[in-house]
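Please read the structure below before turning to the comments.
The values are calculated or read from the model by the stated rules, or taken from the named source; none is laboratory data. All of these numbers come straight from a predicted model, not from anything done at the bench. Heads up, the Cβs are rebuilt from the backbone with ideal geometry, glycines too, and the neighbour counts pull from every protein chain shown. When the accessible area is computed, the model is the full protein with side chains, heavy atoms only, and any ligands, DNA or RNA have been set aside. Shrake-Rupley method; radii C 1.70, N 1.55, O 1.52, S 1.80 Å.
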Amino acid sequence: MTERGADIHRVFHDVERAASAGPAVEFLRAVEAAPSVLAYRTRLEEHLAPVAGETVLDVGCGAGHHAAAIAAARAAADAPGPVVGMDRPRMLEEAADRYGDAVRWLPGAAEAMPLEDDSVDAVYAERVLMYVDDAVDVVAEMARVRRPGGRVALFELDYASMVLGGDPKTADEVLGVVCGTVACDRMGRALGRLLTDAGVLVVEQAPFAMPIPPPVWASAVRAPVEEAVADGRLDAGRVAAWFDAVEAPGAYPGSVTGVLACGR
Ligand SMILES: C[S@@+](CC[C@H](N)C(=O)[O-])C[C@H]1O[C@@H](n2cnc3c(N)ncnc32)[C@H](O)[C@@H]1O
C-alpha cells in the first residue's frame with residue numbers, strides 16, 4: 001500500500017490493517033483547528049453540556065484532540081467527570097502519546113462497544129459513521145450505552161453535497177470518484193433518520209458549510225483523482241485542465257456540507 005493521500009480514507013476505515021497510521025494522524029491534526037471544525041464542535045459541546053460527575057464518550061475519537069479538549073474544558077469549568085475516547089488500539093496509541101491520561105482511552109469497535117448499557121450520560125461521534133460498514137449498528141450501540149434521556153450528537157460530512165468549480169462534466173466525474181472513497185457519501189443527510197430509528201429523539205439538525213482547506217483538498221480530492229487517472233478511470237488531459245482551472249487564483253476553492261444532528 002502506498003501512503004498517498006487517498007489512503008487516509010482506507011486508514012480511517014481500518015487503521016489496524018494500514019501500513020502506518022501516521023498520515024491519517026497528521027491529517028486529523030492539520031484540520032483540528034480549522035474554523036469550520038471549531039464552529040460545529042462548539043455547537044456539539046453546547047448540546048452535550050456535561051455536569052460534574054457525568055461521563056462523556058467520544059466514539060471513534062481518532063488522534064484524541066476533541067476528547068482532550070472536552071476534558072480540559074470540564075476541568076476549567078469546575079465540572080469534572082470521566083471523558084472516554086474509544087477507537088481502534090493503534091489510533092489510541094497516538095492519542096495517549098499526545099494527551100496522556102486526561103482521557104480514558106478505550107480500545108474497541110464502535111459496532112460492539114466494551115461498555116455497559118446505560119453507562120454514559122453524553123455520547124458523540126464525529127466523522128466516523130461515513131467510514132463504517134453499518135452505521136445502524138453503531139448508532140444502536142450509542143443508544144444502548146447512553147442512559148435514558150442522555151445526550152447524543154453526530155457530525156458527518158455529506159460528500160455527495162460537495163461543490164466544485166470548473167467545467168461541470170469533469171466536476172461531476174471528479175465528484176463521483178471522491179464519493180467512492182467513503183463507505184457512505186450521503187451520511188450527513190442520514191443522521192436524523194438513524195437517530196430516530198435507534199429510539200433517540202432528534203432535537204436539532206444543523207448543516208454547516210465546510211470549506212475544503214489545502215490538506216483536505218490534497219487527500220480527499222487530488223489524491224483519489226490522481227489514482228483514478230493512473231488506473232484509466234479518468235482522462236489525464238481533461239483532469240489536468242480541470243485542476244488548472246479550479247486551483248487558479250480566484251477560483252472557487254470547493255466546499256462540502258457537514259451535518260450536526262443532536263438528540264436525547
Ligand atoms: C476521520 S477520523 C475522525 C476522528 C475524530 N472523531 C475527529 O473528528 O477528529 C475517523 C475515526 O473513526 C475510527 N473508526 C472507524 N471505524 C471504526 C470502528 N468500526 N470502530 C471504532 N473506531 C472506528 C477511525 O479509526 C478514525 O480514528
Charge sum, other residues only, whose C-beta stays under 13 Å from Val200's C-beta, Lys/Arg counted +1 and Asp/Glu -1: +3
The stretch 11-93: Cα Rg divided by the 2.2 N^0.38 Å rule of thumb: 1.17
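Placing +1 at every Lys and Arg Cβ and -1 at every Asp and Glu Cβ, with all other atoms neutral, what dipole size does the stretch 41-137 have around its Cα centre, in debye to the nearest 20?
Details: 8 positive and 19 negative charges, 89 e Å.
Computed about the Cα centre, the dipole is about 420 debye.
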Area of Asp78 that stays accessible when all protein chains are in place (1.4 Å probe, Å², to 10): 130 Å²
Cα long-axis angle, helix 187-197 against the chain (0 to 90 degrees, to the nearest 10): 30 degrees
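Out of all DSSP beta bridges with both ends in the chain, state the antiparallel percent to the nearest 5. Don't skip to the answer; put the middle values down first.
Details: 18 of 36 bridges.
Around 50 percent of the beta bridges assigned by DSSP in the chain are antiparallel ones.
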Part-to-part distance (alpha-carbon centres) for the stretch 38-59 and the stretch 217-250, which is given in Å: 38 Å
Counted charge near Glu93, where neighbours are those whose Cβ lies closer than 12 Å (Asp, Glu -1; Lys, Arg +1): -1
